[in-house]
Amino acid sequence: MTVEDWQYGGFGLYVHWPFCEAKCPYCDFNSHVTRQVDHGAWAEALVAELDRVADLSPGRVLRSIFFGGGTPSLMAVETVSAIIEQACKRWRPANDIEITLEANPRSVEADKFRGFRDAGVNRVSLGIQSLHDDDLKRLGRLHSASEARAAFDVARSVFDRVSFDLIYARQGQTLEAWRTELRDALSMAADHLSLYQLTIEPGTAFWERAERGGLRGLPDEDLAADMYELTQELTDIAGMPAYEVSNHAVPGAESRHNLIYWMGGDYAGIGPGAHGRLTLSGQCHVTEGWLSPARWLTEAQSGSGDRVFQPINIQDRVGELIMMGLRINDGLDMDRFDRMIPGLLNSVAVHDLVDEGFLMVDNNRLKATARGRLVLNSVVARLLPDD
Amino acid sequence: MSTPLSRIRNFSIVAHIDHGKSTLADRLIQMTGTVQDRDMKEQLLDAMDIERERGITIKANTVRIDYVAKDGEAYVLNLIDTPGHVDFAYEVSRSMRAVEGSLLVVDATQGVEAQTLANVYTAIDADHEIVPVLNKIDLPAAEPDRVREQIEDVIGIEAHDAVEISAKTGLGIPDVLEAIVTRLPAPKSGDPDAALVAMLVDSWYDPYLGVVVLVRIMDGTLKKGDQIKMMQTGAKYGVDRLGVFRPAMQDVKTLGPGEIGFFTASIKQVRDTKVGDTITHEKKGTDTPLPGFKPSVPVVFCGLFPVDTSDFEDLRDAIEKLALNDASFSYEMETSAALGFGFRCGFLGLLHLEVIRDRIEREYNIELITTAPSVIYHVYMKDGEMIELHNPADMPDMSKVDHLEEPRIKATILVPDEYLGDVLKLCQDRRGIQLDLTYAGPRAMVVYDLPLNEVVFDFYDRLKSVTKGYASFDYQMTEYREDALVKMQILVNDEPVDALSIMVHRDRAETRGRAMCEKLKDLIPRHMFKIPIQAAIGGKVIARETLSALRKDVTAKCYGGDASRKKKLLEKQKAGKKKMRQFGKVDIPQEAFISALKMDS
């Protein structure tokens, strides 16, 4: 049996829980604030969706499950448990299956950690975002720094693997302030950290404020670059080097689920606005759930929660694989691309970018250099196939 | 049957923008019943959208008003609404020659403005009788006594019997009508049986009628069907239609001495008619043309290029169509290494440039890149030849050049005295030589001798900004004068960008060069490599900036759910580059070509 392209990356399941207690001003994810959620109905609908996708992709080895959101730590433990149970029934769970749940670092949620663990979750990712109370307030977070540290301690005692997120390059942040905060974070970190530069995304409250000129003190390009470089330096020293643009881990502790995205594997996406990539009879398909939770629930209950289910053309697929693949240390397997579009990675653009020091070829893999990674969007824009 | 001379009054209205010229004209038309109330629309005479929007008049308009005066006689009043802007000074002077008197309309809350001055002097030059009219008298801020005094001091005409009106409310309009009859003279002489002498006041293209010619009959009689001759061009035509404006066209059989009207004669292009030309009969015509004819000559040049190179043919079409209706606008094809195919166009002044550019963008929907406006330099070569230089890119090798001359202007600026210092600084910075400084009440009148090239670009914008809009400005071309002028080139990543070349005074080259390099550094986005930006004269670099390489351009978060959207953003980024102009490896945004030249200080 020949190897299908998606097998370069493997197969995982993404579950989207769209609800939050409050919307953060920087967040552009599909999240909604609702008072009442009918947990029973949602659990049933998510499991039904899982079954629908499993029918299309039978017999696959399931390497990971990821509960994202929204705030999936607000899910009922029973819902999480039902989904994990059904997933492991419908697919073949890998021996070392990684099951991650994103959680807010608050005591109410920490109280549910044991329940999630017993349901099968073996990794949590905490949205700590900052270790300073005033910054947390500005980022619209509901937790305090001390509450976050306490939740982190609970998580470490409950789960094998714990990661947390920080947002830096914030308003008014200096290089030195970030150095201190990052050192602090590294001293408490277990084996994985996601360090994101604050990005003002369209459709967020921050964006509107920035448009009105109300978002002052954001670092300029040079300071942001300095902060990024400092981040690489400190995480290297701490033994948690970057394996992706914004993700750092002790070698071996990388997020297996996220690597599926970056390595161009297949993933089933269920829940409102969840995206999936499913290779059916050799053709990769894009799937996308209805964005509105209410609409999604109705649609899922009547057969399919997907708003989009369509084949992706080879140009778009290749562009996406390049964009994702160059984010990680491993880069792109050049043979794989040769099979998809012969000669694509042998273009003038690739040679120029290698000559200019933005890309390198190593062991038949095309990788971004440290310099290249910092300007990856410009690099990828030059590599995208012309339409 | 023509109207007797004694019952004709021909007049124009001289006023600054916003002082109420168009509103007054509307009221005169309305109050005499020339147009029914239901047909009235605001500013009847300014027909073009751009004219209405900017409150300016570009083409001369005219209206014939029947008025029964208090003496019981029926009079024919012909109003010619002249262009008010300095760019159209020659057109104004021709229109003025076609009438015998002017109403000088001054806003009683504002006082006399520089533009009013220039036009009122043109009227005085044309031997006009002038009736001052104080408008907006109903406003609390009106100061009629002060303004009367100012008219007497600044312009030097009698103003004690100025007519006080409010064009908006209609107050005083009957007095204006009486003043036109009693205080303005009838046309001086004219024999209906003499050889035809008619002045071509203006002409324009009408999509239904072809070219419409506005004429003032000086001597003789023009009849429908007459064979006529244009004395400047020698072209001969048969008069198809003859009429007057009320303000809609109304046919008449004849136009006699002192009358103003229009004719059509199967003239194909406005270009075939010259403002100021003398029209006579083909047979038994006059031998003596009216004095004062000047062909209109463009003084400001710039390149117009389509943003989208595939719009070139549409641009050619648009420019040709506009040129048919505007003899003062010249064009020739230009190729720029930077901008591709476009046109080098000549204009009467900056306003004219802006009007044409606006019309191309609006009426023809073509996005344009406008290169730096330039004046015509006279380049005297060592071999004695004189070259007219319209485009700095065409500057010959300096070693073969003996000297250069540039056009100078006499600029008149009226400004409240608290801004005087800023205005003087601006004029000095632009290589001005002060000729006069006087006060008229709380306002200063400054007269400067300035190089036109320092004025064509952003002088007026700067003047408005340093005086918060309170200054008024006007100018006349004076002479060509030698000065130490050099061509400055801009090199981006070591490649010369021809569209950014400018002529500049040697003493100011370094400052200008540094300013342009700094501006470009801000206007050009960072690239993946560092880019030197230099200003050079000949081979010598006089200013240099370095645009550092792009340091950070990476999406922080990119997971499975982001892939489609983020990829679209990168595609947009890629497409955005295509919209910019490429010079070697550098993409320059189109707005850079104009913004780089603006001087802030």
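On a straight-distance basis, which aspartates and glutamates could pair with residue B:70 in a cross-link, Cα separation under 17 angstrom, same-chain partners fewer than 8 positions away excluded? List returned: B:175, B:178.
A simple spin-label model places pseudo-atoms 7 Å from Cα toward Cβ; at residue B:141 and residue B:433 they are separated by 3.8 nm. Residues whose amide H falls under 5 Å from that of residue B:267, counting only those 5 or more places apart or on a different chain, are B:211, with hydrogens built in the peptide plane. Projected label points at residue A:341 and residue A:33, each 7 Å from Cα along the beta carbon direction, are separated by 4.4 nanometres.
Loop-located trypsin sites (Lys or Arg not before Pro) in the range B:139-198 (DSSP state not H, G, I, E or B) with no more than 13 neighbouring Cβ atoms inside 10 Å: B:188.
Which of rounded, prolate or oblate describes chain B when judged by the alpha-carbon gyration tensor and an a/c cut-off of 1.5?
In terms of gyration-tensor shape, prolate.
For chain B, the longest principal axis of the Cα atoms and the long axis of helix B:563-579 meet at an angle of about 60 degrees.
The ranking of B:458, A:96 by Cβ neighbour count inside 10 Å, starting from the fewest, reads A:96, B:458. The per residue volume of the convex hull around the alpha-carbon atoms of the range A:269-328 is 90 Å³.
In which sequence would A:118, A:5 go, from the one with the fewest C-beta neighbours within 10 Å to the one with the most?
So the ranking, lowest neighbour count to highest, is A:118, A:5.
Among B:397-403, B:192-198, A:262-268, the peptide with the highest mean count of other Cβ atoms within 10 Å heads the list, and the full ranking is A:262-268, B:192-198, B:397-403.
With θ taken as phi - 60° and the Karplus curve 6.51 cos²θ - 1.76 cosθ + 1.60 applied, the whole-hertz 3J(HN,Hα) list for the range B:121-126 is 5, 4, 5, 5, 4, 8 Hz, x standing for glycine and proline.
Amide H contacts under 5 Å for residue A:65: A:13, A:98, A:99, A:100, restricted to partners 5 or more places along the chain or on a different chain, H placed in the peptide plane at 1.01 Å from N. Packing-based ranking of B:446-455, A:294-303 yields B:446-455, A:294-303, ordered from highest to lowest mean Cβ neighbour count within 10 Å. Ignoring lysines fewer than eight residues from residue B:382 along the same chain, the ones with Cα atoms less than 18 angstrom from its Cα are B:400, B:487.
Averaged over the residues of A:313-320, the number of partner chain Cβ atoms lying within 10 Å of the residue Cβ comes to 2.
Over all distinct alpha-carbon pairs, what is the Kirkwood Rh of the range B:447-512 in angstrom? After inverting the pairwise mean of 1/r, the radius is 14.2 Å.
Once backbone amide H atoms are built at 1.01 Å from N, residue B:14 has B:103, B:104, B:105 as its partners under 5 Å, excluding neighbours fewer than 5 places away on the same chain.
Counted by Cβ distance under 11 Å from residue B:150, the other residues give a net charge of -3, where Lys and Arg count +1 and Asp and Glu count -1.
Taking a threshold of 23 Å on the Cα-Cα distance, which of the pairs B:229/B:321; B:530/B:574; B:224/B:274; B:168/B:464 fall above it?
Among B:229/B:321; B:530/B:574; B:224/B:274; B:168/B:464, the Cα-Cα distance tops 23 Å for B:229/B:321; B:168/B:464.
Scoring A:230-241, A:120-131, B:420-431, B:367-378 by mean Cβ neighbours within 10 Å over their residues and listing the highest first yields A:120-131, B:367-378, B:420-431, A:230-241.
Subtract the Cα-Cα distance of residue B:307 and residue B:494 from 0.36 nm times their separation in residues, and report this length gain in nm to one decimal. Intermediate results must be reported in sequence, preceding the final value.
On the way: separation 187, 0.36 × 187 = 67.32 nm, distance 2.38 nm.
Gain on extension, residue B:307 to residue B:494, equals 64.9 nm.
What FRET efficiency comes out for residue B:361 versus residue B:121 if R0 is 41 angstrom and r is the Cβ-Cβ distance? Round to the nearest 0.05.
About 0.75, to the nearest 0.05.
Across the range B:471-601, Cα pairs under 8 Å and at least six residues apart give a relative contact order of 24 percent. Of B:157, B:8, the sequence from fewest to most neighbouring Cβ atoms within 10 angstrom is B:157, B:8. Relative to the longest principal axis of the Cα atoms of chain B, the long axis of helix B:420-429 lies at roughly 60 degrees. Only alpha carbons enter this Debye calculation for the range B:223-311, each as an equal point scatterer, and the log10 of I(q)/I(0) it gives at q = 0.22 Å⁻¹ is -1.20. Taking each DSSP H run with n ≥ 4 as -39500 (n - 2.57) and averaging over every residue of chain A yields -12000 deg cm²/dmol at 222 nm. Cβ-Cβ distance of residue B:511 and residue B:591, R₀ of 22 Å, FRET efficiency by 1/(1 + (r/R0)^6): the value works out to about 0.45.
Mind checking the mean number of beta-carbon atoms from other chains within 10 Å of the Cβ atoms in B:158-165? Per-residue shielding by partner chains comes out at 0. Taking a Cβ cut-off of under 10 Å around residue A:243, the surrounding Lys, Arg, Asp and Glu residues balance to a net charge of -2, with basic ones at +1 and acidic ones at -1. For the range A:1-77, GluC sites (Glu not before Pro) meeting the loop criterion (DSSP other than H, G, I, E, B) and having at most 15 other Cβ atoms within 10 Å: A:4, A:21.
Computed on the Cα atoms alone, the convex hull of the protein assembly as shown gives a volume of 229 cubic angstrom per residue. Look at the alpha carbon pairs under 8 Å that are at least 6 residues apart: their mean separation over the length of chain B gives a relative contact order of 10 percent. Of all lysines in the structure, those lying under 21 Å Cα to Cα from residue B:572, and not within fewer than 8 positions of it along the same chain, are B:552, B:557, B:585.
Our helix-only sum for chain B, with -39,500 (n - 2.57) per DSSP H run of n ≥ 4 divided by its residues, gives a mean residue ellipticity at 222 nm of -7000 deg cm²/dmol.
The range B:388-528 has equivalent-ellipsoid semi-axes of 32, 21, 11 Å, by the square roots of 5 times the alpha carbon gyration tensor eigenvalues, sorted largest first.
Of the GluC sites (Glu not before Pro) found in the range B:94-193, the ones in coil according to DSSP and having at most 14 other Cβ atoms within 10 Å of their Cβ are B:158. Once C-alpha pairs closer than 8 Å and six or more residues apart are averaged by separation and normalised to the residue number of the range B:314-392, the relative contact order reads 19 percent.
With the convex hull drawn around the C-alpha atoms of the range A:64-205, the volume per residue stands at 121 Å³. For chain B, take the longest principal axis of its alpha carbons; what is the angle in degrees between that and the long axis of helix B:312-324, to the nearest 10 within 0 to 90? Its long axis makes an angle of about 20 degrees. Taking every DSSP beta bridge that has both ends in the range A:9-86, the antiparallel portion is near 0%. Quick note on chain A: its Rg to Rh ratio, both from C-alpha atoms and Rh being the Kirkwood radius, is 0.95. Note on residue B:425 and residue A:210: their simple-model spin labels are 3.6 nm apart, each label 7 Å out from Cα toward Cβ. Quick check for you: which residues of the range A:167-206 have the amide N under 20 Å from the point 7 Å beyond the Cα of residue A:157 toward its beta carbon? Inside the label zone: A:188-191.
Partner shielding of B:545-552 amounts to 5, given as the average count of beta-carbon atoms from other chains within 10 Å of each residue beta-carbon.
For the range B:513-526, 3J(HN,Hα) computed residue by residue from phi via the Karplus equation (6.51, -1.76, 1.60; θ = phi - 60°) reads x, 5, 4, 5, 4, 5, 4, 5, 4, 7, 7, 8, x, 4 Hz, glycine and proline entered as x. Shape call for the range B:364-421 from the C-alpha gyration tensor, a ≥ b ≥ c root eigenvalues: rounded (a/c under 1.5), prolate (a/b greater than b/c) or oblate? Since a/c reaches 1.5 but b/c is at least a/b, the shape of the range B:364-421 is classed as oblate. Divided by 2.2 N^0.38 Å, where N counts the residues, the Cα radius of gyration of the range A:120-199 comes to 1.07.
Taking a ≥ b ≥ c as the square roots of the eigenvalues of the alpha carbon gyration tensor, the range A:168-267 is oblate, as a/c is not under 1.5 and a/b does not beat b/c. Residues in the range A:227-233 carry Karplus couplings, in order, of 5, 5, 5, 4, 4, 5, 4 Hz; the curve used is 6.51 cos²θ - 1.76 cosθ + 1.60 with θ = phi - 60°, and Gly or Pro positions show x.
None of the figures in this text is laboratory data; all of them are computed from the coordinates on show. Predicted model, so just to flag it, every value in this text is computed and none were measured. Every residue, glycine among them, receives a Cβ derived from its backbone with ideal geometry; neighbour counts consider all protein chains shown.
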